[in-house]
Amino acid sequence: MQKYTDSDKNIQKAAPCRLIDKLKENRTLTKDDWVRLITGRTPELAEYLFTLAREERHLYYGHDIYIRGLIEFTNYCRNDCLYCGIRKSNTHAARYRLTEDDILSCCRTGYELGFRTFVLQGGEDGYYTDEKMLRLIRQIKKQHPDCALTLSIGEKSYDSYRQYFEAGADRYLLRHETYNVLHYSRLHPPSLTAAKRQECLWRLKEIGYQVGTGFMVGSPYQTAEHLAEDMLFIKELNPQMVGIGPFIVHHDTPFKDQTSGTLELTLFMLGLLRLMLPKVLLPATTALGTIASNGRELGILAGANVVMPNLSPTSVRKDYSLYDNKICTGDEAAECRKSLESRMETIGYRIVTARGDSLNLSERKHLNLGGYNNV
Ligand code: SAM
């Protein structure tokens, strides 16, 4: 049997290590290099990557962790994404909507707990007309003028996005999910397309939102080439935030027999994102905390700098069930915040009371994409 020495290992490690150095220097890679780096990853390489990623993160954000108060205000959805537990065809989902008063009360509780960003997330629910959303946005901004408001309510017309922005919404989260057209079509019904999703992101940016995109790691049929394309798209979009988390199986979806994504690959992708966009806001997501009890801590140590505790009333928490075994479905907002605070302290980081705007600010792009209003 051939003997495996330390110097052989160094030779083996050298090529992917050089790719990480190249990424740090150029802040991007070619598609082939992304694929080589992702497929050639090893635990040693990951450690090297995380060390560099933490250095970048400390340079711009120190040891601060920004918190976002997540309010999951409706689980009604008109869409049928194959991976999602609140897809419209899931007749086992117990549907709920929070009232305007409920939402404002979540914000008040959050404010007292030190939150200065609220994220309104929900399925694409026609009940919340533009009129209702605009009233809600104005109310929140009136009651909490020092807070940032993030929307995450899916694909809307250009006009709706513009009106929400003018009413006071500051940021918008819309994961592109996967850049590759064919892969996108295997995860979504024919009514949803990768092109439309991406166009929404460009339009949000044009309007002036701080924009967040992202993807699931380990979604069914995903390859290293798909992840490479995701990285290239994100580089081009240059968003202010990138939310990634593992795909996790939900038992009442067509993907119930698929395999969930891994902690290991999600952490590696987080490290790569931090090196590619050093100033971006990068959450250690709830999904990461769901596949491993210390997943969010490891996410921070891989380069993330944001956590998003839940502010929704406990009575509805378990019903916003995107995937199985979601964590924090029973805790009150105050408990969630306290437990995250001590988890972060254990690894040497501190939660701060701040709006936490992205330092990855970019010029507004003025694109001329005719016909978008009909989207
Ligand atoms: N409707 C809005 C939208 O389309 O952006 C926001 C709600 S949607 C449920 C929020 C995110 O949940 C999606 O972008 C998707 O990436 C994630 N998600 C849904 N099902 C998931 C699953 N099974 N595992 C991991 N993440 C999931």
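The values are calculated or read from the model by the stated rules, or taken from the named source; none is laboratory data. Because the structure is a prediction, the values reported are computed rather than measured. Positions of Cβ are backbone-derived with ideal geometry, glycine not excepted, and every protein chain shown enters the neighbour counts. These area figures cover heavy atoms from the full protein model, side chains too; ligands, DNA and RNA do not enter into them. Shrake-Rupley method; radii C 1.70, N 1.55, O 1.52, S 1.80 Å.
Residue selection: TYR48 fails the criterion of being within 30 Å of THR353 (Cβ to Cβ), part of a helix (DSSP H, G or I) and either within 16 Å of the ligand (Cβ to nearest atom) or open to solvent by 30 Å² or more (accessible area, probe 1.4 Å) (or both). Might you let me know whether the stretch 228-238 holds any residue that is without any contact (Cβ under 8 Å) to a residue 24 or more places away in the chain and over 18 Å from ARG175 (Cα atoms)? Checked against the condition, which is being without any contact (Cβ under 8 Å) to a residue 24 or more places away in the chain and over 18 Å from ARG175 (Cα atoms), the stretch 228-238 yields no hits at all. Would the stretch 244-260 turn up any residue that is touching a residue at least 12 places away in the same chain (Cβ under 8 Å), hydrophobic (A, V, I, L, M, F, W, C) and more than 16 Å from the ligand (Cβ to nearest atom)? Within the stretch 244-260 (the criterion being touching a residue at least 12 places away in the same chain (Cβ under 8 Å), hydrophobic (A, V, I, L, M, F, W, C) and more than 16 Å from the ligand (Cβ to nearest atom)), the answer is no, since none of the residues qualifies. Pairing residues of the stretch 192-218 that are over 23 Å from PRO246 (Cα atoms) with residues that are more than 14 Å from the ligand (Cβ to nearest atom) and among the polar types (S, T, N, Q), at Cβ distances under 7 Å and at least 6 apart in sequence or on separate chains, gives GLN210/GLN240; GLN210/SER358. Among the residues of the stretch 54-92 satisfying the criterion of being over 18 Å from the mean Cα position of the chain (by Cα) and aliphatic (A, V, I, L, M), which is nearest to TYR221 (Cα to Cα)? Once the filter is applied, the top-ranked residue is LEU82. Of everything in the stretch 252-292 that is out of contact with any helix residue (DSSP H, G or I) (no Cβ under 6 Å at 6 or more places or on another chain) and of a type in the set (D, E, K, R), the residue that is farthest from THR30 (Cα to Cα) is ASP252.
For every residue, the table says whether it meets (1) hydroxyl-bearing (Ser, Thr, Tyr); (2) within 19 Å of VAL119 (Cβ to Cβ); (3) modelled with pLDDT of 95 or more.
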residue: SER260; (1), (2), (3): yes, no, yes
residue: PRO278; (1), (2), (3): no, no, yes
residue: GLU297; (1), (2), (3): no, no, yes
residue: ILE300; (1), (2), (3): no, yes, yes
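No other residue among ALA284, ALA302 is open to solvent by less than 10 Å² (accessible area, probe 1.4 Å) and touching a strand residue (DSSP E or B) at 6+ places or on another chain (Cβ under 6 Å) apart from ALA284.
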